[in-house]
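Since the structure comes first, as structure tokens, the remarks are kept for the end.
The values are calculated or read from the model by the stated rules, or taken from the named source; none is laboratory data. This is a predicted model, so every value here is computed, not measured. Heads up, the Cβs are rebuilt from the backbone with ideal geometry, glycines too, and the neighbour counts pull from every protein chain shown.
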Amino acid sequence: MAFKNVLSFDTIQGRVPNLKTRGTSLKYLAFLPLLLGGILLFHQNGTAKSAEQIQNSLSLISEGSEDPQINSKILVEIFLAAQQKENLTKIKKEFEAFEITRVRAQFIRVGNPPENIAIGRNITAPVARLAIQMAINYNQGIKYLLPEERLSPNYIAIGTSMFDELFQIPISAEDLKRLSDPTLTTPEFHALYRHLTGEDRRP
């Protein structure tokens, strides 16, 4: 019924010719697939997107880096040396760029926090890389990873001392570089993370 209505619309140049008219029917039938294809690309709100645009949107959602509904669930706990207080606003803005607003910071009065990082299994690769960079910039680096299986899925911790040292897995500078690779997708990032913590080898 919808297609019948489209074919009966008046155009600027006049009414669409009857497709049964001899001599012109083949010419107009040649454009029919294009017309119907355009209709199928319309959304319910009346706007159109190309197939490429739709695919790009789905890709962004699957990665999560641009989806506020995914990133808004993330909790970041960051433990810093007292001298890093002046950088807290900058750190929060870095996370806010990814729609992450739940950032809790605590400052150590003496010394420095542990050089570790914890990244939950629901954290997307772009956000995970940001957290790694924040730990490198503001907590002297990363020497230990905390296993995903002991973390809340939407949780990131930097410099935490809430976990026993037995659960902190050493990471080399070379492996940290691999984990920071910007070409890693979210599944690839977490597969490597679990490999480095030994989780993929446990029964």
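Among (1) surrounded by 14 or more Cβ atoms within 10 Å (Cβ to Cβ); (2) in a loop (DSSP other than H, G, I, E, B); (3) of a type in the set (S, T, N, Q), where does Thr183 come up short?
Among (1) surrounded by 14 or more Cβ atoms within 10 Å (Cβ to Cβ); (2) in a loop (DSSP other than H, G, I, E, B); (3) of a type in the set (S, T, N, Q), Thr183 violates only (1).
Looking at (1) touching a Lys or Arg at 6+ places or on another chain (Cβ under 7 Å); (2) free of Cβ contacts under 8 Å to residues at least 60 places away in the same chain; (3) surrounded by fewer than 20 Cβ atoms within 10 Å (Cβ to Cβ), which is the one condition that is false for Asn154?
Failing condition for Asn154: (2).
Working carefully through the options Ile70, Ile132, find the one that is at pLDDT 95 or above and of a type outside the set (Lys, Arg).
The conditions single out Ile132.
Just the residues that are surrounded by 15 or more Cβ atoms within 10 Å (Cβ to Cβ), assigned to a loop (DSSP other than H, G, I, E, B) and hydrophobic (A, V, I, L, M, F, W, C), please, taken from segment 82-123.
Phe98, Ile100, Ile123
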